[in-house]
Every structure is written in structure tokens, then in C-alpha cells.
1. How long are the three semi-axes of the equivalent ellipsoid of chain A, in whole Å, if each is the root of 5 times an eigenvalue of the C-alpha gyration tensor, listed from largest down?
2. With +1 on each Lys and Arg Cβ and -1 on each Asp and Glu Cβ, how big is the dipole of chain A about its Cα centre, in debye rounded to the nearest 20?
3. Pop the C-beta distance of residue A:26 and residue A:151 into the FRET formula with R0 = 56 Å and round what comes out to the nearest 0.05.
4. Find how much the distance from residue A:142 to residue A:47 grows on full extension, using 0.36 nm per residue of separation minus their present alpha carbon separation; answer in nm with one decimal.
5. Counting other beta carbons within 10 Å of each residue's own, what order do A:184, A:189, A:196 fall into, fewest first?
6. As an exercise, use a Förster radius of 51 Å and the Cβ-Cβ distance of residue A:109 and residue B:91 to find the FRET efficiency, rounded to the nearest 0.05.
7. Can you give me the distance in nm between label points at residue A:164 and residue A:214, each placed 7 Å from the Cα along the Cα-to-Cβ direction?
8. Pairs of lysine in the stretch A:33-239 with Cα under 28 Å and at least 8 positions apart or on different chains: total?
Amino acid sequence: MHDSQATTSQATVQVTTAEHEAHNPALVHQFADAEQQKNAASLGMWLFLVTEIMFFGGMFCAYLIYRLKYFNAFAAGSQSLAIKWGAINTAVLIASSVTVVLAIYAIRFGRKKLTVAFLVVTVLLGFVFLGIKSIEYTDKFREHHVPGANFHFTENFDDNGKQIPVNPNEVQLFFSLYFAMTGMHALHMIIGIGLMSTLAVLTWRGHYSAEYYTPLENAGLYWHLVDIIWIYLFPLLYLISRHT
Amino acid sequence: MSNEHGTSVKTYLIIGATLLVLTVATTLIAFVNLGPFNPVVALTIATIKALLVILFFMHVKGASEKLTGVVVVSGFFFLAILLTLSLSDYLTRSWW
């Protein structure tokens, strides 16, 4: 009896070894097939993205509360932002999201060079975004709109060019939230650029193929979420208080 | 050509173009005085754009794993709880 048990377990070991040799090397043992593995990775990434939504959600919540309380000051602060740069940056980010999905589409067909090309364009668009953001930040520093000891705010005119008095301290609160939200978003962009650059190098070296490209897909999810956050930041900070 | 998500290059480009058109639209509408509806229109357009990105670029539409959709919805659901309960608190305070 003991013998037969031993034989059975030996047979099992042999079968497992045979399966191990036959299966896709990118598939780890705990998953039944590649699709299940990919779904699990994507689910895990989404759980992380939910924490990111809540992280930015805290700042969106603070913005909403103070905007309702200090409406005129927030409108005045919002009107001092350059709508042109905000809109161009939105377009840049949308273009970069398109290049990300095209990179992932290309790797599905094993087109490595095309994938690397799309990733490089994504990284370049990321730098364009940060460059435009730096122009905006420079303007804000020049105008003394950065919260702190040198903060100074006088320009607050309505549609007819009539000056409306606002409390500079309340406007300062708007700019604190502006720099916190766009700064945190820019930090996410920098991380995203690092991810995409690394993945471009790894793809070039042949780490990813039509069978296995999960890191590309997850980095893509991250990039799109950063895009979505900007899609909300643009109207909230630049657009919704043009008329008060 | 389409992949396992059923999304083709043509779809990606159409969605990308739609997002750009919506960006131009929301920017232009911001210069039109709609009174209290300016924020409503701006945020509605932003939500449509976010939905397009989530469904088509992040492949939540047509995902083989339905649990992913549940996690996505739960994320925004908890965000809605955060915003609704915070505002219902602040807006009903006597000192507000």
C-alpha cells in the first residue's frame, strides 16, 4: 500500500514536470492559463488605480469645499490661469494616450520596433506636457501668484473689465490647491515617463512579445489614469469660473 | 484588424479624435456665459471624456474579466461617498 502511494505521487511529479516543460515560460504556476494570469495582473493594477483615485479625490474634495466657500476668490484665481496652455496640454495628454494604446496594439502583433517607436513618442509627449507646465509655473512665479511670503494678487476683473474686490488670502488658498493638484499630477507624469522609458528599453531588448506584454498593459493603465485626472483638473482649475 | 478586446486601430483613432473635439468644445463653451450651467457643462464633458478613456483605452468595455468593471465602479463609488458626505456635512453647518 505504501509502495503504491509512493508510485502514484511519483507519477504525479512526473506529469507536473512534463506540464512545466510544455507550458508557456511566461506563465507562472498558480494560474490556469495566460488569460487568467493577465486578468489577475490587470485586476491588481486597477486596485492600485482605485487608491490613486481616492488619493486625488481627497484634493478634489478640498477644492470643491473651498470653491463653494470662497467662490469669488477662486473664480478670480482661475481667471488668472492661461486657458490656452491648459487646453494645449489636454490635447497633448490625449495624443499620448492614443500612442500608448497603439504601442500595446503593436506588441500584440509582435511588432517590437513599432511598439518602441510609439513608446518613445509617448515619452516625448510627456516631456512636452511638463515643458508647457513649467512655462505656466514660471509665469505664476513672475506674477507672484505662488503661495508664500511674496504672494501678491490684484488682478480681479469681471466680464466688463470692472474690478471686483477679493480677499488675497482666499485667492492664495486657490493657488495652494492649484500647485498641490497640478504638482502631484506632474509628479505622476514624471513617474509615468520613467515607466514608459524603461519599458521602451525592455521592449527593444526583446523582453516583451505578442504572448507576454502585461507590464506594458499595466503601465498603459497608469498613463491613462493620469490622463483622466488631468481631464478633470483642466475644467475644474481653468474653465468653470470664467463668468462670475 | 482587431484584437481580443475587439478594439481596432480605427476605433482608437476615432476615440482619440472625439476626445480632442470635446476638449476644443469645452474650451470654447467656457467663454460663453451660461450662468450656473458653465460648471455643469464643463464637468459633464469631462465625465464623457473620462468614460471614453476608461471604456476604450483602458479596455474595461469588453473585458473578459467582469470583476475589473466592478473594481472600477467601486473606485468611483467610494469617491462619490467621499464627496457627497463631506459636502453634506460642510454645507449644513451653521458657521458655513
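The numbers here are math on the coordinates, done by the rules we state, and not lab data. Not measured: the values here are computed from a predicted model. In this analysis, Cβ positions are derived from the backbone assuming ideal geometry, glycine residues included, and neighbour counts consider all displayed protein chains.
1. Working: eigenvalues 524, 83, 31 Å².
They are 51, 20, 12 Å, listed from largest to smallest.
2. Details: 14 positive and 16 negative charges, 144 e Å.
So the magnitude is around 700 debye.
3. On the way: r = 54 Å, r/R0 = 0.97.
E(calc), rounded to 0.05, equals 0.55.
4. Values: separation 95, 0.36 × 95 = 34.20 nm, distance 4.06 nm.
Full extension from residue A:142 to residue A:47 adds 30.1 nm.
5. Details: A:184 15, A:189 23, A:196 28.
Listed from fewest to most nearby Cβ atoms, that is A:184, A:189, A:196.
6. Working: r = 53 Å, r/R0 = 1.04.
Calculated transfer efficiency: 0.45.
7. With each label point 7 Å from Cα toward Cβ, the separation is 5.3 nm.
8. Here the count comes out as 10.
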